[in-house]
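Some notes on the structure that comes next.
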Amino acid sequence: QDAVGESAAKENSKDVAVEVQAASWWICQADAILICAGAGMSAKPGAGEAVYVSPKDFAAHYPFMLRHGYRSGYEAMGVLFDGKLPDEVKWGFWSKHYTNMRWGFEPCEGYNILHRLLKIATDKEQDYFVQTSNVDGCFERAGFSKERIYGPQGDCGLYQCSGPCSRESIWEAKDLFAKLSASRDEATGAVDKALVPVCPSCGRRVVMNLRSGDYFLHTRSDKANRDFVKWVDDIIASGKRLVIIEVGAGYNTPVVTRFPMEAIAREASRKGQASLIRINPDATALPGDLLEAVSLPFGWEVLSEIEKELAAGLPDAMEAAAKNIKSAREEEFKRPSRRPVERTTEGRRFDWREMMQNLLR
């Protein structure tokens with residue numbers, strides 16, 4: 001049985017190697033690259049910063065939250081709606097947590113690799129856009145142009161009126177967080193009650209500018225939304241070779257990340273050429289009708305393998321791998337008994353432009 005298991009592992013490794021080669025070929029042939037990232041893109045295993053999923057890391061950074069019944073960042077996402085938790089503790093937590101997420105915790109190496117992938121094939125930065133559900137500003141901090149990043153879920157470096165009393169009631173949070181942090185009681189997490197912020201225009205409570213209710217203000221991302229849609233439309237209309245690299249986007253908000261990427265790849269394939277590179281250790285499903293597509297069942301770390309493949313400079317092997325992948329997927333797609341892949345947009349209507357319009361509201 002051990003020998004069988006070892007043989008299977010070798011076959012799986014071989015398949016992954018071929019898929020990495022195919023992905024590398026598509027990237028080096030790209031005219032434009034669309035990067036999509038979810039929560040998995042910001043994961044840094046072993047760094048002591050996995051506060052959303054590790055009770056140990058959460059307790060190390062926010063020990064005062066344990067006394068209030070919170071054991072992880074995912075649990076603490078509901079702090080806003082906890083009527084038993086005083087506002088001065090909420091802001092004590094938010095000021096520390098979002099300072100860490102937005103400015104304190106460094107972006108993982110995956111962001112730097114993605115930035116290098118834009119240049120490695122052609123010795124110049126290619127045409128690109130980033131769409132991310134992450135709110136930590138890591139793409140901007142890793143050197144990506146702010147004008148080429150669309151984050152529809154908000155920014156944890158901003159706060160807003162909870163009304164809101166106007167579409168412009170959004171402010172930078174860094175200075176506020178510094179003032180609150182200076183008054184924080186690290187034993188209880190509470191900040192000076194007199195410093196708990198309110199809207200300067202209407203006096204209502206203020207909240208983080210994160211999409212978690214109808215009060216959310218998308219204003220700061222309106223232009224990026226329109227720029228993103230226009231960029232994709234222009235790429236499709238021109239028939240340019242589009243490559244979509246999607247990393248760490250699971251099923252928490254698939255209508256914001258995964259599904260638009262599938263729909264864009266599908267439409268672009270009809271007008272020209274498009275490839276989808278999906279990187280996720282768990283959510284691996286690929287629409288069967290996307291013929292130039294691979295699903296790499298790993299975290300962002302596999303990006304380093306793609307970078308190595310591109311640096312090795314073996315175009316014949318990469319091109320052959322890409323052709324084999326496409327041929328195999330085409331053969332599978334034509335199989336008479338085949339059904340649409342579940343948890344994808346295959347065989348169903350999904351209008352990515354309509355979704356982008358909905359995010360503006």
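The values are calculated or read from the model by the stated rules, or taken from the named source; none is laboratory data. Everything quoted here is computed from the prediction, not taken from an experiment. Note that each Cβ is placed from the backbone with ideal geometry, even for glycine, and that neighbours are counted across all protein chains shown. In case anyone asks, the SASA skips ligands and DNA or RNA and just uses the protein heavy atoms, side chains included. Shrake-Rupley method; radii C 1.70, N 1.55, O 1.52, S 1.80 Å.
Counting only protein chain heavy atoms and rolling a 1.4 Å probe, the accessible areas of 80, 314, 34 rank, largest first, as 314, 80, 34. Set the Cα radius of gyration of region 208-277 against 2.2 N^0.38 Å, with N its number of residues, and you get 1.28.
Taking the chain as a Gaussian network, Cα atoms linked when under 10 Å apart, which of 337, 269, 133 shows the biggest mean-square fluctuation? Between 337, 269, 133, it is 337 that shows the largest mean-square fluctuation.
What's the FRET efficiency of residue 195 with residue 230 using the Cβ-Cβ distance as r and R₀ = 45 Å, to the nearest 0.05? Calculated transfer efficiency: 0.60.
No disulfide-compatible partner, judged by a Cβ distance under 4.7 Å, exists for the following cysteines of the chain: 28, 36, 108, 138, 156. Placing pseudo-labels 7 Å out from each Cα toward the beta carbon at residue 141 and residue 284 gives an inter-label distance of 3.1 nm. Remark: region 50-58, residue by residue, has Karplus-estimated 3J(HN,Hα) of 7, 5, 7, 10, 9, x, 5, 5, 4 Hz, where x stands for each Gly or Pro and the curve is 6.51 cos²θ - 1.76 cosθ + 1.60 at θ = phi - 60°.
Using Cα pairs under 8 angstrom and six or more residues apart, how large is the relative contact order of the chain, in percent? Reported relative contact order: 23 percent.
Label separation (residue 316 vs residue 252): 4.6 nm, computed from points 7 Å beyond Cα along the C-beta direction.
A 1.4 Å probe run over region 291-361, with the rest of the protein chains in place, finds 62 Å² accessible per residue. Computed from Cα positions, the angle between helix 2-29 and the longest principal axis of the chain comes to roughly 80 degrees.
Farthest towards the positive end of the charge dipole of the chain, among the residues 280, 300, 164, is the Cα of 164, using unit charges on the Cβ of Lys, Arg, Asp and Glu. In region 23-128, Cα pairs under 8 Å separated by at least six residues give a relative contact order of 36 percent.
Would you calculate the separation in nanometres between label points at residue 75 and residue 354, each defined as 7 Å from the Cα along the Cα-to-beta-carbon direction? Here the answer is 4.0 nm between the modelled labels.
A straight chain from residue 31 to residue 174 at 0.36 nm per residue would run longer than the Cα-Cα distance by 47.7 nm.
Which percent, nearest 5, of DSSP beta bridges in the chain are antiparallel? Given both bridge residues lie in the chain, the antiparallel proportion sits at roughly 25 percent.
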